[in-house]
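Each value in this text was obtained by applying a stated rule to the coordinates, not by laboratory testing. Only a predicted model underlies this, so the values are computations on that prediction, with no experimental measurement involved. Every residue, glycine among them, receives a Cβ derived from its backbone with ideal geometry; neighbour counts consider all protein chains shown.
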Amino acid sequence: MRRYLRKLITPDTYLIVPCSTARLIVQGELRMRGRYLIAAVLSVILVVATAAGLYFNRPSSEMSSTQVQVVAAENFWGSLVSQLGGTHTQVLSIVSDPNADPHEYESNAANARAIANANLVIVNGAGYDDWALRLLSANNNPSQKVLNVANLLGKQAGDNPHFWYSPSYVNQTTHAMYSDLVSVDSTNAAYYGQQYASLNASLEQYNSRINEIAAKYAGRPVASTESIFVYLAEATQLNLISPPEFMKAVSEGNDPTTPDRILFEQQIINGTQPRNATVLVFNEQTATQLTLMLKAEAVAHLIPIVGVTETVQPTDIHFQDWMNAELIDLQRALDSQNYGH
């Protein structure tokens, strides 16, 4: 005859089970209690070890298990640092609107929060993004890494701030970005080294095209509505004949002097004559009534227009692809002119 045992389920509820089954239940409960006891002991050991500063598989850097937070004031620097940081960084580029003039950007509370929480902040400097410098000053975080490109290059307010249009300055800046990422997150130094090598390789086409233009068109006279093209004209060895003060005034949102304006117009109207403009470089992102008028005059006198922008456009492509596309347009414009014949 089988024997049965009542097992208490709740204070008012019992389960009737065979005695053989009851023995199995009791043994199971004992095993479970043993597991709880072992777990409790291990928890105590872990707490003691933690208090003593002992960790199992402890990461060597606090950044190794999380992404480095990077804020770039503009998307041309943001594109480059994003390629360097890869999967180990989260990059926010603040100025990227293709319909806005970066010179006139006004910061907001979201920008302030992003900069305050960043491990690395990249600003252009030289008066181009003073709003970012003000946010950094207000935040005053000594543990934060800040790369001011103008300071890196030995530039200051009043100098031409369009450093990203110089291949030499781009190379210097990308190296500084790489060094800063390693400084912030040394655990992933090898990874950043690989990314840096890959970025340099991908910049080769952009650098090669600059050299091709210099080899074929060195000395060719060209005009530009703004100082944005000065550094690239130097790199391609083109002869930028536009009055420097004219380009600087337009770039800063000021009216050029009458003599500079007259000279600029003459260089456009007489573009078919030697020593006058064969191409007009036009800043599409900061167009004014004056520059639009000059562009129309250039078109009327059959001078090719090469459009450039302040920030990476479209915003979802890499810096080098954006620059290479502008260089292709420049090459085509120069090719279309039968200069010297």
*Report the label-to-label distance for Leu263 and Glu234 in nanometres (one decimal), using points 7 Å from each Cα along the Cα→Cβ vector.*
1.9 nm
*Using the Cβ atoms and a cut-off under 13 Å, what net charge is assigned to the surroundings of Ala150, where Lys and Arg are +1 and Asp and Glu are -1?*
-3
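How big is the Rg/Rh ratio for segment 209-335, C-alpha atoms only, Rh by Kirkwood, two decimals?
Numbers: Rg = 13.8 Å, Rh = 14.6 Å.
Rounded to two decimals, Rg/Rh equals 0.95.
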*If you take the Cα atoms of segment 155-218, find Rg, then find the Kirkwood Rh from the mean of 1/r over all pairs, what is Rg/Rh?*
1.09
*Using a simple charge model, +1 on the beta-carbon of Lys and Arg, -1 on the beta-carbon of Asp and Glu, nothing else, what dipole does segment 209-335 show about its Cα centre, in debye to the nearest 20?*
460 debye
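Starting from the Kirkwood Rh over alpha-carbon pairs, what translational D in µm² s⁻¹ does segment 73-131 have by Stokes-Einstein at 20 °C and 1.002 mPa s?
For the chosen part, D equals 176 µm²/s.
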*How far is it, in nm, from the label point at Ser183 to the one at Asn139 when both lie 7 Å from their Cα along the line to the Cβ?*
1.5 nm
*How long is segment 68-202 along each principal axis, judged by its Cα atoms, biggest number first, in Å?*
38, 30, 29
*Where labels lie 7 Å past Cα in the beta-carbon direction, separation of Leu292 and Arg275 in nm*: 3.5 nm
_Using the Karplus curve 6.51 cos²θ - 1.76 cosθ + 1.60 with θ = phi - 60°, what ³J(HN,Hα) values do you get for each residue of segment 279-294, in whole Hz, with x for Gly and Pro?_
8, 10, 8, 10, 7, 6, 8, 10, 5, 10, 4, 5, 5, 5, 5, 5
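Would you tally the net charge around Gly307, using a Cβ to Cβ cut-off of less than 14 Å, leaving Gly307 out, and scoring K and R as +1, D and E as -1? Mind dumping the intermediate values first?
On the way: positive: Lys295, Arg332; negative: Glu226, Glu284, Glu310, Glu326, Asp329.
That sum, taken over residues with Cβ under 14 Å, equals -3.
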